[in-house]
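As structure tokens, the structure follows; a few thoughts come after it.
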Amino acid sequence: PHVTIKSICCIGAGYVGGPTCAVIAHKNPHIKVTIVDLNAARIAAWNSDELPIYEPGLDEVVKSTRGKNLFFSTDVDAGILEADLIFVSVNTPTKIKGIGAGFAADLGYVESATRKIAEVAKSDKIVVEKSTVPCRTAQSMRYIVSTPNLFLTHLGSFSTNTDALPTRGSQLEANAKPDIHFDILSNPEFLAEGTAISDLFYPDRVLIGSLDTERGRSAAASLADVYAGWVARDQIITMNLWSSELSKLAANALLAQRISSINALSAICEATGADIDEVSYACGLDTRIGPKFLKASVGFGGSCFQKDILNLVYLSESLHLPEVATYWKQVVEMNEYQKRRFTNRVISCLFNTLTGKKIAVFGFAFKKDTGDTRESPAITLVNYFREEKAYISIYDPKVEESQVWMDLAEPGVVDETEVIKKQVSIAADPYEAAAGADAIVICTEWNDFRETVLDYERIYASMKKPAFIFDGRLILDAKKVSEIGFKVETIGRPRTTFVQSKDFE
Ligand code: UDX
Ligand code: UDX
Ligand code: ADP
């Protein structure tokens, strides 16, 4: 007999918490869902007609439920008090300082949200870890909710060494809030940006991790009922806490590894005369490999892949598994190499210098159909071009101009935007970006850049000659575009211009 959830609170109204809990409310009209956040502007936006996040289908979901059983509020305490089940869906950026800087996740937000729950709660709560967090975070959360008044310096930096923590049933835990029970679950989210609503409506699986105790299994069953509002029971998987936490990191690491593997092969294709699209297609037909996530690119971006792999690397190192750490780290290094390699190709095709040349950068978002630029390969490329003293004109259909300046500024350097603007400009459309340019570099796979959509004849006429296009996303029909007169260089295909050696032809 497990608890039937009547009221849910979600702490953190971000990319994950917002859409996920909106869908939960939409599919469970009998459950009251309150999404809380400290950021008042963000909550105001969720309560307005201009939601703070763009996702196809999100507007409809929110409009159909908001004010009925879905609420957005800044009153975190009230949200916690009322709920039977609380999602913790706060941000977990990579640490920039201290132990594990550049690798470990900053769990400060998770810690403070968890502490808040421990402090405010007056009845039993099921606490669900929803942020992407390193393996064994649930253990820390359990420790915090059971010892609210303890000052835990080491948790801010998240040590995976939870051996140092008292074990279950220790005196500290027993002495916490004597009549209140907190059950911690892990319930990782697998949604991708741009397809969040359809990923939530039709998930491949829902993962729920719990302690293998009666209380743990019962809490998991309560959460499973919430998802059963729209997900088939056999797609709701329960497992132990650590497996569930690690599965999230592992899934992202495996996906990123596929891209790095295909990108490593793209380098071989360029040097030999093989075509990466043909190789991907051929490999993907093997049902053991499968066709998805085999598109060569100038590099992967986004807020998850790199962060999660670095978490995995840090975890491996903390567990004294250096070979494992090195193995996964290579996935990120290959990604960096791909960006450098593509830049070198641009430079070498443009007669070994970019000084004073104009480069049109098509696309700044980390993938198509989003305005998100986190870890976008375009940022790295533009910075390389700047170092080579090129002038850069950027066009992206969705990215805000102010975001570009923020991304290009070095962290910590006081407003150098004016300096950057001497070299970089933002164009209103692709034609403006390309006018007078020596080369176009396609960084994002927007459909808008396809030769079936853009007037490349017009673009060609406006550019310096020879006019180059570097397709970093394999979206152009190279043959068609080169018939216009362009010199087309495609990632994962051999060079077409100024090839020194004909050995491989
Ligand atoms: C392999 C390829 O599968 C085949 O397509 C190619 O033509 C030849 O190489 P084979 O070597 O006969 O075939 O065996 P395979 O079944 O692929 O297994 C190779 C090794 O991987 C075995 O030692 C197997 O035990 C191991 N393996 C396989 C795992 O450790 N884990 C797995 O999930 C799968
Ligand atoms: C990813 C995971 O897909 C999702 O399950 C997880 O919850 C969060 O991280 P997201 O970062 O939104 O989602 O985007 P995704 O579509 O996975 O793409 C990530 C990056 O890989 C993008 O830069 C994309 O352009 C690149 N990519 C993807 C490739 O270069 N080639 C491919 O074949 C696929
Ligand atoms: P994600 O992509 O993981 O959803 P976001 O950064 O988009 O991450 O969202 C996380 C949200 O969590 C932010 O809006 C932030 O204001 C909120 N947040 C962080 N810490 C707390 C806290 N202790 N209480 C309430 N909200 C918090």
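Each value in this text was obtained by applying a stated rule to the coordinates, not by laboratory testing. These figures come from a predicted structure and were not determined experimentally. Cβ atoms come from the backbone with ideal geometry, glycine included; neighbour counts cover every protein chain shown.
Quick rundown of the values:
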| item | result |
| --- | --- |
| Extension gain, Y54 back to Y431 (0.36 nm per residue minus Cα-Cα distance, nm) | 133.1 nm |
| Spin-label pair N352/Q235, simplified geometry with 7 Å Cα→Cβ offset, distance in nm | 5.7 nm |
| Debye intensity ratio I(q)/I(0), log10, the stretch 7-231, q values 0.09, 0.11 Å⁻¹ (C-alpha model) | -0.35, -0.53 |
| Fully extended contour minus Cα-Cα distance, from E82 to T272, at 0.36 nm per residue | 62.0 nm |
| The stretch 305-490, relative contact order [Cα under 8 Å, separation at least 6], % | 19 percent |
| Global geometry of the stretch 326-474, whether rounded, prolate or oblate, following the gyration tensor of its Cα atoms and the 1.5 cut on a/c | rounded |
| Of V346, V61, V279, farthest towards positive along the dipole that unit charges on Lys, Arg, Asp, Glu beta carbons give the chain | V279 |
| Likely footprinting exposure, L246, L315, fewest C-beta neighbours within 10 Å first | L246, L315 |
| Candidate lysines - alpha carbon under 16 Å from K125, same-chain residues fewer than 8 apart omitted | K6, K32, K116, K177 |
| Per-residue HN-Hα couplings for the stretch 98-113 [Karplus 6.51, -1.76, 1.60; θ = phi - 60°; Hz; x = Gly/Pro] | x, 5, x, 3, x, 10, 6, 7, 7, 9, x, 6, 5, 4, 6, 5 |
| Förster radius 30 Å - calculated FRET efficiency between A44 and D179, Cβ distance, rounded to 0.05 | 0.20 |
| Förster radius 30 Å - calculated FRET efficiency between R205 and V120 (Cβ-Cβ, nearest 0.05) | 0.40 |
| Antiparallel content of DSSP bridges confined to the chain, in %, to 5 | 5 percent |
| Residues in the stretch 362-406 that a label on K422 would reach, taking backbone N under 20 Å of a point 7 Å out along Cα→Cβ | 382-394, 405-406 |
| Lys/Arg +1, Asp/Glu -1 at C-beta; the chain dipole; positive extreme among V206, P29, P494 | P494 |
| Highest average packing first - 474-485, 359-370, Cβ atoms within 10 Å | 359-370, 474-485 |
| In order through the stretch 202-215: 3J(HN,Hα) via Karplus (6.51 cos²θ - 1.76 cosθ + 1.60), integer Hz, x for Gly, Pro | 10, x, 5, 6, 10, 9, 10, x, 9, 5, 8, 10, 4, 4 |
| Charge dipole of the chain about the Cα centre (unit charges at C-beta), most positive-ward option of H2, N91, P322 | P322 |
| In the stretch 334-455, lysine pairs closer than 22 Å at Cα, eight or more apart or cross-chain | 16 |
| Candidate aspartates and glutamates for bridging to K95, where Cα separation is under 20 Å - those fewer than 8 sequence places away on the same chain excluded | D106, E111, E129, E245, D308, E317, E333, E336, E375, D407, E410 |
| Segment S198-S261, extension gain: residue separation times 0.36 nm, minus the distance between their alpha carbons | 19.9 nm |
| Loop-located chymotrypsin sites (Phe, Trp or Tyr not before Pro) in the stretch 64-106, at most 12 other Cβ atoms within 10 Å (DSSP) | none |
| Charged-residue dipole, Cβ positions (Lys, Arg, Asp, Glu), the chain about Cα centre, Debye nearest 20 | 360 debye |
| Inter-label distance, nm, simple model (7 Å from Cα along the C-beta direction), T452/T496 | 1.9 nm |
| Tensor-based shape of the stretch 49-124 (alpha-carbon gyration tensor, a/c under 1.5 rounded, otherwise prolate or oblate) | oblate |
| Computed Kirkwood radius, in angstrom, where 1/r is averaged over Cα pairs of the chain | 24.7 Å |
| Mean Cβ neighbour count within 10 Å, used as a protection proxy, ranking 52-63, 291-302 highest first | 291-302, 52-63 |
| Distant-in-sequence amide H partners of V361 (H built 1.01 Å from N, under 5 Å) | S393, I394, Y395, V441 |
